[in-house]
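Colleague: A single structure is presented below for examination.
The values are calculated or read from the model by the stated rules, or taken from the named source; none is laboratory data. Note that the structure is a prediction, hence the values are computed from the model and not measured. No Cβ is skipped: glycine too gets one built from the backbone with ideal geometry, and neighbour counts run over all protein chains shown.
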Amino acid sequence: MESVAELVAARWDDHRPGLWCEDLVLSHHEIAAGAAARAALLADLLPPQGPPHLGVLLDNTPEFPLWLSAAALAGAAVVGVNPTRRGPELARDILHTECRLLIAEPAHLPLLRGLDLPGVRLLTIGTEEYDALLAPYADARPDPSRARSADRFLLYFTSGSTGAPKAAICTQGRLAAAGRSLAGQFSVRPDDVHYVCMPMFHGNAVIADWAPALAAGAGVALRRRFSASGFLADVRRYRATYFTYVGRAIQYVLATEPGPDDRDHVLRLGFGTEAGVMDAAAFERRFGVRLVEGYGSSEGGAAVQWTPGTPAGAVGRAAPGLVVLDPESGAECPPAEFDAAGRLLNGDTAIGELVNRAPNPFEGYWRNPAAEAERTREGWYWTGDLFCRDRAGHLYFAGRADDRLRVDGENLAAAMIENILARYEGTAAVAVYAVPDPVTGDQVMAALAGDFAPESFAAFLRAQPDLGTKMAPRFVRVVERMPVTATNKIHRALLRGEGVRCADPVWWRPPGERAYRRLTAEDAEGPLVSTRGPSSVRRQGLEPRTR
């Protein structure tokens, strides 16, 4: 089947349970019928002029996959609207993607108050108007003939940390192919249940969780919003067998209180990114569930697949066309060299940007030719992510391009330092980022959530055989909870912007010293702490306080 519409229509005669959300259960047939009714309504509501785009401002409720399926049948595209956006930024997202119709739930209506959204019709689920509009189409049957594999199906926003979010395009054909590929890779069966706890306005939940379930005829269990404390209860309740994650979700689950029945479930696999080697091992020890760390750009331009035999810390082996290039010269970086302890010896030259020089399925950004040109320089796909590659072709993730640190003339990778700091006992989450050096280049700063004691932390650093001489953090910000984006990724732009002038206690290690002490207001204004570069320049939290 070449289109998502065909996958939806194929479930018409399937009366097995196919969707669970709290106390609601829908069969595959009921999902297909509900999608057909909404597709027929779409044909009447979407104006003939302009692109057939509908915005969806919903939590992970049954209406979200129903409208995804409806859009597929109608040959329309869904814009996942991020409910954590506010005011002009939210209006910009809706207007930029030319949404003609906005599907919203009552809880999110306050976000729309005062916004000027010309040409956008609002439809609120659960209202009398909504039910009355759907009622005439109750007998509709799914007809995939209106859709083509080349039809735009998703417009999903990428990170906006370096400017306004970009709306990446995904066609029906690409999503159907991704679903089939993942279903085959993970042997998804019709009796599997995919637990969707990541937000569906983001590409991860739709592409890596919903799509393979749809392709294989498996069931889907929804969680309105991610909850670490509710994770295991949901997995048991819905008898989930597969889930996806991004960002720090795994760390939050591991931070919950262990129990003697942690392995009392049928979950067999988690697939995602950014869990880290230590957390993946801890998750498997505690829950008996293997996590498969993958890498794939949100836009589809590059992917790395884990295979048996992949070394610890590596993402997988580079496929043909995937190379690591110096972003300035465009030359291929030399192979990464590691010592016996696993320390990267030539990070200064081996770390570069992952580039795909082979044909790839990147389908562009909506109305953003400048961003497309930046992503596809010289006809190649530049991921914006840092990697190094060993002599055997295994790729090691080193962070986003913005996460590169240059300390004393040496390039360092934030992700590699984070993997080491995550071993510190009591650490719930860690983020490493650059702050300006008083003279030139960067200094290493780490934000750490969890238990922190300056003496034990300094001793821990000295005991790590793979911690390079420039990697030890100059500053450690101790946070109650790591700031995250709506997709549970650490909000690095916020951390970088605040630097040492933040509301949280900051410990530091002056040059030439091995011990950490509290950073005071006098320290922050002294010659050893840089004031170069942008920051929020907040003065709170610099005086000593107990923790």
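Colleague: Identify the residue in segment 415-462 that is among the small types (Gly, Ala, Ser), under 26 Å from the mean Cα position of the chain (by Cα) and within 15 Å of GLY499 (Cα to Cα) and, among all such residues, is surrounded by the fewest Cβ atoms within 10 Å (Cβ to Cβ). Outline the logic, then answer.
Modeller: Within segment 415-462, the subset among the small types (Gly, Ala, Ser) is 415, 422, 426, 428-429, 431, 434, 441, 446-447, 449-450, 453, 456, 458-459.
Adding the requirement that they be under 26 Å from the mean Cα position of the chain (by Cα) leaves 415, 422, 426, 428-429, 431, 434, 446-447, 449-450.
From what's left, within 15 Å of GLY499 (Cα to Cα): 431, 434, 446-447.
Values: ALA431: 26, ALA434: 22, ALA446: 24, ALA447: 26.
Looking at residues that are among the small types (Gly, Ala, Ser), under 26 Å from the mean Cα position of the chain (by Cα) and within 15 Å of GLY499 (Cα to Cα), I get ALA434.
Colleague: Scan segment 351-380 residue by residue and report those that are touching a strand residue (DSSP E or B) at 6+ places or on another chain (Cβ under 6 Å), modelled with pLDDT under 95 and of a type in the set (A, V, I, L, M, F, W, C).
Modeller: Those that are touching a strand residue (DSSP E or B) at 6+ places or on another chain (Cβ under 6 Å), modelled with pLDDT under 95 and of a type in the set (A, V, I, L, M, F, W, C): ILE351, ALA371.
Colleague: If you don't mind, another one. Please name all residue pairs, on different chains or six or more residues apart, with Cβ atoms under 8 Å, provided the first residue is in segment 178-192 and is touching a residue at least 40 places away in the same chain (Cβ under 8 Å) and the second residue is assigned to a loop (DSSP other than H, G, I, E, B) and of a type in the set (Lys, Arg).
Modeller: Here the result reads PRO190/ARG16, each pair linking segment 178-192 to a residue that is assigned to a loop (DSSP other than H, G, I, E, B) and of a type in the set (Lys, Arg).
Colleague: Go through segment 306-393 and tell me which strands (runs of 3 or more DSSP E), entirely inside it, have 2 or more residues that are among the aliphatic types (A, V, I, L, M) and on the phi < 0 side of the Ramachandran plot.
Modeller: 322-325, 352-356
Colleague: Regarding ARG85, is this residue surrounded by fewer than 24 Cβ atoms within 10 Å (Cβ to Cβ), part of a loop (DSSP other than H, G, I, E, B) and among the basic types (Lys, Arg)?
Modeller: Yes: the conditions hold for ARG85.
Colleague: A follow-up question, please. Answer yes if at least one residue in segment 56-78 is out of contact with any strand residue (DSSP E or B) (no Cβ under 8 Å at 6 or more places or on another chain), assigned to a helix (DSSP H, G or I) and surrounded by fewer than 20 Cβ atoms within 10 Å (Cβ to Cβ), and no otherwise.
Modeller: No, that holds for no residue.
Colleague: Can I ask one more? Could you tell me whether ALA208 is in a helix (DSSP H, G or I), modelled with pLDDT of 95 or more, buried (at least 17 other Cβ atoms within 10 Å of the Cβ) and among the aliphatic types (A, V, I, L, M)?
Modeller: The answer is yes for ALA208.
Colleague: Also, quick follow-up: Look at GLY114 and say whether it is of a type in the set (Gly, Ala, Ser), without any contact (Cβ under 8 Å) to a residue 60 or more places away in the chain and farther than 27 Å from ALA240 by Cα.
Modeller: So GLY114 passes the test.
Colleague: Restricting to segment 267-279, name every residue that is aliphatic (A, V, I, L, M) and modelled with pLDDT of 90 or more.
Modeller: Answer for segment 267-279, where residues must be aliphatic (A, V, I, L, M) and modelled with pLDDT of 90 or more: LEU267, LEU269.
Colleague: Tally up the residues in segment 358-371 that are buried (at least 16 other Cβ atoms within 10 Å of the Cβ) and not hydroxyl-bearing (Ser, Thr, Tyr), please. Before the answer, list the steps.
Modeller: The first filter runs over segment 358-371 and keeps only residues buried (at least 16 other Cβ atoms within 10 Å of the Cβ), leaving 360-366, 368, 371.
Among the residues that remain, those that are also not hydroxyl-bearing (Ser, Thr, Tyr) are: 360-364, 366, 368, 371.
Number satisfying all stated conditions: 8.
Colleague: Moving on. Give the residues of segment 215-270 that are among the aliphatic types (A, V, I, L, M), farther than 13 Å from GLY288 by Cβ and assigned to a loop (DSSP other than H, G, I, E, B), sorted by residue number.
Modeller: The answer is ALA218, ALA228, ALA240, VAL246, ALA255.
Colleague: Could you tell me whether GLY296 is surrounded by fewer than 22 Cβ atoms within 10 Å (Cβ to Cβ), over 17 Å from HIS194 (Cβ atoms) and under 19 Å from the mean Cα position of the chain (by Cα)?
Modeller: Against the criterion (surrounded by fewer than 22 Cβ atoms within 10 Å (Cβ to Cβ), over 17 Å from HIS194 (Cβ atoms) and under 19 Å from the mean Cα position of the chain (by Cα)), GLY296 qualifies.
Colleague: If you don't mind, there's one more thing I want to ask. Residues that are under 26 Å from GLY342 (Cα atoms), of a type outside the set (S, T, N, Q) and in a loop (DSSP other than H, G, I, E, B): does segment 474-491 have at least one? Quick ask: steps written out before the conclusion?
Modeller: Applying the first criterion (under 26 Å from GLY342 (Cα atoms)) to segment 474-491 yields 474-476, 490.
Filter once more, keeping what is of a type outside the set (S, T, N, Q): 474-476, 490.
Those left that are additionally in a loop (DSSP other than H, G, I, E, B): 474.
Yes, segment 474-491 contains at least one residue that is under 26 Å from GLY342 (Cα atoms), of a type outside the set (S, T, N, Q) and in a loop (DSSP other than H, G, I, E, B).
Colleague: Which members of segment 516-534 meet the condition of being closer than 16 Å to ALA446 by Cβ and not aromatic (Phe, Trp, Tyr)?
Modeller: ARG517, ARG518, LEU519, VAL529
Colleague: For segment 305-313, state whether one or more residues are β-branched (Val, Ile, Thr), free of Cβ contacts under 8 Å to residues at least 60 places away in the same chain, surrounded by fewer than 18 Cβ atoms within 10 Å (Cβ to Cβ) and not assigned by TED's automatic domain parsing to the domain that holds GLY450.
Modeller: The answer is yes; a qualifying residue exists.
Colleague: Might you let me know whether segment 184-192 holds any residue that is crowded, with 16+ Cβ neighbours inside 10 Å, under 22 Å from the mean Cα position of the chain (by Cα) and among the charged types (D, E, K, R)?
Modeller: Looking through segment 184-192, none of the residues is crowded, with 16+ Cβ neighbours inside 10 Å, under 22 Å from the mean Cα position of the chain (by Cα) and among the charged types (D, E, K, R).
Colleague: OK, next. Can you give me the number of residues within segment 87-133 that are of a type in the set (Gly, Ala, Ser) and under 16 Å from VAL56 (Cα atoms)?
Modeller: The total comes to 5.
Colleague: Can you name the condition, by its number, that PRO48 falls short on among (1) assigned to a helix (DSSP H, G or I); (2) over 19 Å from ALA5 (Cα atoms)?
Modeller: (1)
Colleague: Is one or more of the residues making up segment 167-185 assigned to a loop (DSSP other than H, G, I, E, B) and closer than 30 Å to LEU495 by Cβ? Let's see the steps before the verdict.
Modeller: Taking segment 167-185 first, the residues assigned to a loop (DSSP other than H, G, I, E, B) are none.
Checked segment 167-185: no residue is assigned to a loop (DSSP other than H, G, I, E, B) and closer than 30 Å to LEU495 by Cβ.
Colleague: Quick one: which residue in ARG375, ARG389, ARG343 is surrounded by fewer than 19 Cβ atoms within 10 Å (Cβ to Cβ), in contact (Cβ under 8 Å) with a residue 12 or more places away in the chain and not assigned by TED's automatic domain parsing to the domain that holds PRO165?
Modeller: The conditions single out ARG343.
Colleague: Let me ask something else. Looking at the structure I just gave you, is ARG268 surrounded by fewer than 22 Cβ atoms within 10 Å (Cβ to Cβ), within 27 Å of GLY184 (Cβ to Cβ) and touching a helix residue (DSSP H, G or I) at 6+ places or on another chain (Cβ under 6 Å)?
Modeller: no
Colleague: Check off (1) in contact (Cβ under 8 Å) with a residue 12 or more places away in the chain; (2) outside any strand (DSSP E or B) for THR469 and give me the number that stays unchecked.
Modeller: (1)
Colleague: Of all residues in segment 1-29 being surrounded by 18 or more Cβ atoms within 10 Å (Cβ to Cβ) and assigned to a helix (DSSP H, G or I), which is nearest to the chain's Cα centre (by Cα)?
Modeller: So the residue we want is VAL4.
Colleague: Suppose we filter LEU405, LEU448, LEU412 for residues that are over 29 Å from ALA319 (Cα atoms) and of a type in the set (A, V, I, L, M); which single one remains?
Modeller: LEU448
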